[in-house]
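> Sending over a structure as structure tokens; questions will come in a sec.
Bear in mind that the values in this text are calculations on the coordinates, not laboratory data. None of these values were measured; they are calculated from a predicted model. Cβ sites come from the backbone with ideal geometry, for glycine too, and all protein chains shown count toward neighbours.
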Ligand code: PMP
């Protein structure tokens, strides 16, 4: 595997960052997880927009333009012969001293890894997930805004550990007010009376690119789409529930905190949106090999 670091390609075993990089020392950096489908990079513009917004929010000057990064992403896929895969794009604050002041970091580092994707096992998509609400709440946006896709994922990791300890793969994360925010690495949706609902971004969620795509697909399919505050009660009484994310795509949820959702099986609206999403991945994206 060839990995891009600051304009050069390295073999996997030589692809290294300094122990003084503040990405490692403090989680000071940002990232994107991007998919390639059928020889095309899916939603690259949206991912680059979000990367540059994250950078702006943390006052990080990315030393490449969006167009240069897009080219590097495509080239990294090509060098690794990726047609269907997962791309991890990382920008760290760069090498500095042991103190946390980012002023000591002279140049941010850009890293691109293009690899095969590790999905949930197929059974999860067939049967649906059993998830639980966990005690760790989502970060306050007045503290570390969940819209920033930063290299500090401890908030989500703690929630993931709590879900695992409870025998589940995913966690529902509430915000400090007790409204549903999102899951540890995915946004959350419910279907109620034929309408699609998802928490507002202000509830404390990543501005998910799959979330946005699914909302657009749902509107095209004639569904009413809204973003009200949701409580756990709303989840329990939903007809259907699913999660969205670049890696996971659309994952049905059939049980939450011991309550069976709908009929306890992935529902028809979820299935329709999964089909529509897969159809879109077949025809859109930035070509890697043309
Ligand atoms: N929420 C969190 C916390 C995430 O890390 C992610 C990305 N895995 C998502 C939601 C989904 O976002 P996207 O659809 O852009 O991948």
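> Which order do peptides 112-122, 170-180 fall in by mean Cβ count within 10 Å, highest first?
The most tightly packed comes first, giving 170-180, 112-122.
> Compute the distance in nm between two label points, each set 7 Å from the Cα along the Cα-to-Cβ direction, one at residue 103 and one at residue 8.
3.1
> I'm a student and want to see the number: the projected area of the Cα convex hull of the chain, averaged over all directions, in nm².
Projected over every direction and averaged, the Cα hull of the chain covers 15.1 nm².
> Let me ask something additional. Express in whole angstrom the spacing between the alpha-carbon centres of the stretch 100-145 and the stretch 1-80.
15
> Tell me the mean residue ellipticity at 222 nm calculated for the chain from its helices only (DSSP H runs of n ≥ 4, each -39500 (n - 2.57), averaged over every residue, nearest 500).
-8500 deg cm²/dmol
> While we're here: Over the stretch 2-115, what number does the Rg to Rh ratio reach, with both radii from the alpha-carbon atoms and Rh per Kirkwood?
Computed over Cα atoms, the ratio is 0.97.
> By how many nm would the segment from residue 275 to residue 263 grow when fully extended, if each residue of separation counts as 0.36 nm and the alpha-carbon distance is taken off?
2.3 nm
> Now for a different question. Using only alpha carbon pairs under 8 Å that are at least six residues apart, calculate the relative contact order of the chain and give it in whole percent.
After rounding, I find 20 percent.
> What whole-number distance in Å separates the alpha-carbon centres of the stretch 161-226 and the stretch 245-290?
12
> Take every Cα-Cα distance within the stretch 163-206, group them into 5 Å bins from 0 onward, and report for each bin the whole-number percent of pairs it holds.
Histogramming the stretch 163-206 at 5 Å steps yields 5, 22, 25, 21, 18, 7, 1 percent.
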